[in-house]
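Trainee: Would you mind keeping the following structure in view while I ask a few things?
The values are calculated or read from the model by the stated rules, or taken from the named source; none is laboratory data. What you are looking at is a predicted structure, and each value in this text was computed from that prediction instead of being measured. In this analysis, Cβ positions are derived from the backbone assuming ideal geometry, glycine residues included, and neighbour counts consider all displayed protein chains. These accessible areas exclude ligands, DNA and RNA; they are computed on the full protein's heavy atoms, side chains included. Shrake-Rupley method; radii C 1.70, N 1.55, O 1.52, S 1.80 Å.
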Amino acid sequence: METQSSPKALTKLKSSCRSTELVICCTSLDSVTFLPLKDLRFVETAMLEHTWFISSMNDTHEENEAEHLYFPSEASKGRLLCMKGRNKEDGTKNSYAFAWPESLPESATLLKGLTFVSDTYYDYKNLWHGLTAMVPFVSWSIKNRCLRPNRWLLFHWGELRDQMGSWLYHLMQANFGEVEIVGFEGGANGPYCFEKAAVMRHNEGSMGKARKLQVFDLLRCKARGFCGINPAGKGQEFNEKGQPIIRLTLLMRRGSRSFKNATAVTEIFAEECAMVDGCVLKVEQSEDLSFCDQVKVMTGTDVVASPHGAQLTNMLFMDRNSSVMEFFPKGWLELAGVGQYAHHWMADQSGMRHRGAWWDPLVQEECPTPHNDLECFKFDKNGQVGHNETYFAEWARSILNQVRISKLEQATRNRSNLGACVC
């Protein structure tokens, strides 16, 4: 009787693995079968439950937690996760396998400790997209006695990525300590096997709201501590007249989705702020701020007003129940779909109050292909945001009054959140 590791059996296994129809070309090393990390059979469902990344393994589902895989586990039958290949352009050329600790592939390198393995449909440089990919790992860590990874392994569509954006890197450093991102340098394609591995491939997935709030509380607390800021935030502030201080920040951006006339917008908000006793206005240029500058600015903000964009992800660092005002260029309301509500979702998940949005009704330049929605959205997506003096003034006035009342009510309650830094 042939064993799976006999030369004759291996020849049969290699032959049976070659199926161009199913795109499952695989290689066998000893008794271990390597499969494509990106399984093209699941292209249409890549963001759904059965994803193309490590497609042969179903997720573990736990109440309020993100779907995940863990190795070794009962689901993996005690086997470790192994990977080989470092292709950054085609995920089908990278591969994975499961192996028992005592039967690792030939020439495999065993990486000790815990590895966090992430695959995202988006990227790790955009603040919002990167954050949604990392949140499940923070949640998993909280649930598992605040375990910290020894390293990170990042993929996008099964393609290897060897770095995070600076903002995301510092946020993970604040939470987990030093961040080592595996790039499989030195020219070796592997295979590499991981003593322990937690794999996330659905971003926030099915995480419950309470868990998301806990994760964002922890990230806020850790980032403040990392940057030398009181983790509890600014607390209640009152002026000499006993009125609550309201800190309003205009968080500006350059280029796409910037205000056409930032000076005019600033003057509108300055006028309204001046009419509210205790209101303090700051104008910040998001691109000019370091990570800790952003944490400091937003920790000291009660109301942030900003065009739609990644910089609004910094709402994470405001105290809970702070307010967000968002602005869009023409075309977003009609053509952007649900993606335009990303910061509504984040406000809800992080304990903030999204106070609505304004969509510019005036077009700068007519779309050259008006009957093609996708092309028109691409045309309008990065336009600039105009302003409506009357609407902006009334909106700012209303929000500042609501925040003033809310702060007076909060003054009678204990706002301490000492349990935020659970890890």
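Results for (1) among the hydroxyl-bearing types (S, T, Y); (2) farther than 30 Å from V363 by Cα, shown as yes or no for each residue.
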{"position": "Q294", "(1), (2)": "no, yes"}
{"position": "T299", "(1), (2)": "yes, yes"}
{"position": "S306", "(1), (2)": "yes, no"}
{"position": "G309", "(1), (2)": "no, no"}
{"position": "N321", "(1), (2)": "no, yes"}
{"position": "V324", "(1), (2)": "no, no"}
{"position": "G331", "(1), (2)": "no, no"}
{"position": "E334", "(1), (2)": "no, no"}
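Trainee: From the set of residues in region 243-282 that are within 16 Å of L408 (Cβ to Cβ) and open to solvent by less than 40 Å² (accessible area, probe 1.4 Å), which is nearest to the chain's Cα centre (by Cα)?
Mentor: I246
Trainee: Looking at A310, A305, which is the one that is surrounded by 24 or more Cβ atoms within 10 Å (Cβ to Cβ) and either free of Cβ contacts under 8 Å to residues at least 24 places away in the same chain or touching a Leu at 6+ places or on another chain (Cβ under 7 Å) (or both)?
Mentor: It is A305.
Trainee: Select, from L131, L154, L111, the only residue that is within 15 Å of R86 (Cα to Cα) and at pLDDT 95 or above.
Mentor: Every option except L154 fails the conditions.
Trainee: If you check every pair at least six apart or on different chains, which have Cβ atoms under 8 Å apart with a residue in region 382-402 that is among the aliphatic types (A, V, I, L, M) first and a residue that is open to solvent by 80 Å² or more (accessible area, probe 1.4 Å) second?
Mentor: V385/K260; A393/E271
Trainee: Right, next: Among the residues of region 273-293, is there at least one that is closer than 21 Å to A393 by Cβ, acidic (D, E) and not in a strand (DSSP E or B)?
Mentor: yes
Trainee: Looking at region 337-423, what helices (runs of 4 or more DSSP H) fall wholly within it and have at least 1 residues that are on the phi < 0 side of the Ramachandran plot, assigned by the TED database to the domain that holds N203 and in contact with a helix residue (DSSP H, G or I) (Cβ under 8 Å, 6 or more places away or on another chain)?
Mentor: none
Trainee: While we're looking at this one, here's another question. Pick from R79, R86: which is without any contact (Cβ under 8 Å) to a residue 24 or more places away in the chain, over 30 Å from G339 (Cβ atoms), in contact with a Phe, Trp or Tyr (Cβ under 7 Å, 6 or more places away or on another chain) and crowded, with 16+ Cβ neighbours inside 10 Å?
Mentor: The unique qualifying residue is R79.
Trainee: Looking only at residues that are part of a helix (DSSP H, G or I) and of a type in the set (A, V, I, L, M) in region 320-336, which one is nearest to R404 (Cα to Cα)?
Mentor: Ranking the candidates gives L333 first.
Trainee: Quick one: in region 93-124, of everything that is buried (at least 20 other Cβ atoms within 10 Å of the Cβ) and of a type in the set (V, I, T), which residue is farthest from H344 (Cα to Cα)?
Mentor: The residue in question is T115.
Trainee: Yes or no: region 125-133 includes at least one residue that is open to solvent by 10 Å² or more (accessible area, probe 1.4 Å), touching a Lys or Arg at 6+ places or on another chain (Cβ under 8 Å) and touching a residue at least 60 places away in the same chain (Cβ under 8 Å).
Mentor: No, every residue in region 125-133 fails to be open to solvent by 10 Å² or more (accessible area, probe 1.4 Å), touching a Lys or Arg at 6+ places or on another chain (Cβ under 8 Å) and touching a residue at least 60 places away in the same chain (Cβ under 8 Å).
Trainee: On the given criteria, is V265 of a type in the set (A, V, I, L, M) and touching a His at 6+ places or on another chain (Cβ under 8 Å)?
Mentor: The answer is yes for V265.
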